[in-house]
Every structure is written in C-alpha cells, then in structure tokens.
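The values are calculated or read from the model by the stated rules, or taken from the named source; none is laboratory data. In this text, all values refer to a predicted model and were calculated from it rather than measured experimentally. Don't worry about glycine lacking a Cβ; one is built from the backbone with ideal geometry, like all the others, and counts go over all protein chains shown.
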Amino acid sequence: MVDGRTLLHDYGDLGSLVHVSQAFRVGGAILTTPSTFNIAVIDGGRTGAFWGYVFVWVGYTCVIGSLSELVSMTPTAAGQYHWAYELAPPKYRKFISWFTGWQIVLAWQADFAAVLYLSGILIQAVAALN
C-alpha cells in the first residue's frame, strides 16, 4: 500500500477550487437546485424548503465525511468499486466490486439524463417568457 505522503507527492495539491468545480460539473447543481427548490416551495412552502435543505445538507455532510475517511485510509483514483473490493469479505469481493461499478455507471447515466431534462425545462421556461 502506498502511504499518503508519497501519493500527495506524486499528484501534488490540486487546490480547493478544482474540487468545488468538479462537484458542480458532476452534479449539475447549478441546474438542479432551482428546480428542486421549486418543488419544495410548492409542496412545503418556504419553511419546508429551508428545513429540507438543512436535512439534505446534514445527510450529504455525513456522506462526504465517510468518503473522506475512505480516501484517507486507501487513496486511489479508481473510485468506489475499488473501496468496495478492499472492504468486502474475501468471498464476495469480486461480485460486490462488479455490482458497485455498474451502480456507478447507471447513476452517471441517470444523472446526465436528469441534467439534460432539467436544462430543457429551464430553456422552455425562458422561451415562454418571450
């Protein structure tokens, strides 16, 4: 296993701006956030939107914390399927790693489709204003 200092030396410090821009690019947060808040305001009002945002923020903070712990234990560029392989029982490693990899691929495809769908809705809304 490669220790963290060697890995950091090989890749260098990418900086926090790179990590933030990667999060926006992958998640499509700029397009999905207004659409999500629109649903929350209609169904729960401003109070529901606020508390929904707080609960989601707390949940994602827990996810980020657990992924950060995995990264600090086993730094890799492979992704979640690599961690699933390392942390699974030896008997089930290959299946769990394969299943995790396909879940990630399907999630990427669903995320891309959702971002395109929401982009179309926003473009249609702007066109309707004219």
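A few comments on the model shown:
- Here Val126 fulfils each of the conditions (1) more than 21 Å from Ala78 (Cβ to Cβ); (2) surrounded by 11 or more Cβ atoms within 10 Å (Cβ to Cβ) apart from (2).
- For segment 51-103, a residue qualifies if it is within 30 Å of Ile39 (Cβ to Cβ) and surrounded by 12 or more Cβ atoms within 10 Å (Cβ to Cβ), and the qualifying residues are Trp51, Gly52, Tyr53, Val56, Leu67, Gln80, Thr100, Gln103.
- Scanning segment 67-101 for residues that are in a helix (DSSP H, G or I) and in contact (Cβ under 8 Å) with a residue 60 or more places away in the chain returns a single hit, Ser72.
- Only one entry of Tyr60, Tyr92, Tyr53 meets the criterion of being of a type in the set (Phe, Trp, Tyr) and outside the structural domain of Val20 (by TED's automatic domain parsing), and that entry is Tyr92.
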